[in-house]
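The values are calculated or read from the model by the stated rules, or taken from the named source; none is laboratory data. Predicted model, so just to flag it, every value in this text is computed and none were measured. FYI the Cβ positions are ideal-geometry reconstructions off the backbone, even for glycines, and counts take in every protein chain you see. Surface accessibility is based on the protein's heavy atoms, side chains included, excluding ligands, DNA and RNA. Shrake-Rupley method; radii C 1.70, N 1.55, O 1.52, S 1.80 Å.
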Amino acid sequence: MKTIAIDGPSGAGKSAIASALAKRLGYEYIDTGALYRTIAYIAVREGGDLSTKELLKRVDAQSIDYKDGAVQLNGEALGDVIRTEAISQKTSQLSKEPAVRDYLLSLQRRLAEDGGVVMEGRDIGTVVLPSADVKFFLTASEEERARRRYEQRLAFGEAVDMETIKADIHARDERDKNRAVAPLKQAADAILVDSTAMSEEEVLDTMVNYVENGH
Ligand code: C5P
């Protein structure tokens, strides 16, 4: 049972691919963005401008876990409330805080310790699981990622505007790439997969080949 890390910018199709890959391999899928999103969700719910220290105190008073492919807050799956654009932006702001990253590091490592996982995020191959068996860096052009995010938002029933989506994706990427701690970057030993002109099935086949045959 291997440990597989998938990193990349938002809208590259990581979640869909990581969960499909996990299914194909009979592994568990772990969406680390959902853990960061849960912290942002708690921050918004608690209201006010809490210091990171105070926020983490409040987070610690609740129970965050990951079961059956979803984050559980106090034993309940959160669902789509953590996927709105507002929560996405808040998440990317909070995730540059070293204390927030530290807080989630041990939980992520614990979730992967038995192997048989496909863990997806921004710093899995570089920081969380530097000795993962197979690492992928999944990306696509900014234009294509914005287009996919647009479709996703529409499907959620949110009012969307392409230019706003593009600006939001760009802002989030810049923050994720330029933060001081655990920035989004391709690990030296990660396999680069550019999905701009690839179907989900093609990406999946490419990854399964690497996992099973090493090429
Ligand atoms: O992957 P997703 O878009 O759900 O992640 C939301 C945000 O959480 C990202 O924009 C990023 O700021 C943060 N994140 C992170 N490290 C991870 C996973 C997500 O900083 N491993």
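Annotations
- Matching option when the condition is under 27 Å from Gly11 (Cβ atoms) and among the charged types (D, E, K, R), among Asp49, Asp123: Asp123
- In the range 96-107, the condition of being touching a Lys or Arg at 6+ places or on another chain (Cβ under 8 Å), small (Gly, Ala, Ser) and open to solvent by 40 Å² or more (accessible area, probe 1.4 Å) is met by at least one residue.
- Taking the criterion of being more than 15 Å from the chain's Cα centre (by Cα) and among the hydrophobic types (A, V, I, L, M, F, W, C), the residues of the range 118-139 that qualify are Ala132, Val134.
- Residue in the range 37-50 that is open to solvent by less than 30 Å² (accessible area, probe 1.4 Å) and either among the aromatic types (Phe, Trp, Tyr) or at pLDDT below 95 (or both) present: yes
- Flag if Asp189 is open to solvent by 80 Å² or more (accessible area, probe 1.4 Å), over 17 Å from the mean Cα position of the chain (by Cα) and among the acidic types (Asp, Glu): yes
- Note on the range 91-117: residues that are part of a helix (DSSP H, G or I), more than 12 Å from Val128 (Cβ to Cβ) and touching a residue at least 60 places away in the same chain (Cβ under 8 Å) amount to 5.
- Candidates Ala34, Ala70, filtered to the one that is within 15 Å of the ligand (Cβ to nearest atom), closer than 25 Å to Arg145 by Cβ and open to solvent by less than 10 Å² (accessible area, probe 1.4 Å): Ala34
- Matching helices (runs of 4 or more DSSP H) fully within the range 122-215 where at least 2 residues are more than 30 Å from Gly26 (Cβ to Cβ) and in contact (Cβ under 8 Å) with a residue 40 or more places away in the chain: 142-156, 162-178
Results for (1) at pLDDT 95 or above; (2) part of a helix (DSSP H, G or I); (3) open to solvent by 70 Å² or more (accessible area, probe 1.4 Å), shown as yes or no for each residue.
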site: Ile4; (1), (2), (3): yes, no, no
site: Ala16; (1), (2), (3): no, yes, no
site: Ala20; (1), (2), (3): yes, yes, no
site: Tyr29; (1), (2), (3): yes, no, no
site: Glu54; (1), (2), (3): yes, yes, no
site: Lys57; (1), (2), (3): yes, yes, yes
site: Tyr66; (1), (2), (3): no, no, no
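- Criterion (at pLDDT below 95, open to solvent by less than 80 Å² (accessible area, probe 1.4 Å) and not basic (Lys, Arg)) met by exactly one of Glu174, Glu120, Glu151, Glu143: Glu174
- Test: Glu201 is of a type in the set (Asp, Glu), surrounded by fewer than 12 Cβ atoms within 10 Å (Cβ to Cβ) and more than 20 Å from Ala16 (Cα to Cα): no
- Filtered residue count, the range 73-95, keeping only those that are closer than 15 Å to Asp176 by Cβ, of a type in the set (D, E, K, R) and surrounded by fewer than 16 Cβ atoms within 10 Å (Cβ to Cβ): 0
- Subset of the range 80-117 (residues that are more than 13 Å from the ligand (Cβ to nearest atom) and under 15 Å from the mean Cα position of the chain (by Cα)): Val117
- Checklist (1) more than 30 Å from Asn209 (Cβ to Cβ); (2) in a helix (DSSP H, G or I) applied to Gln62, failing item: (2)
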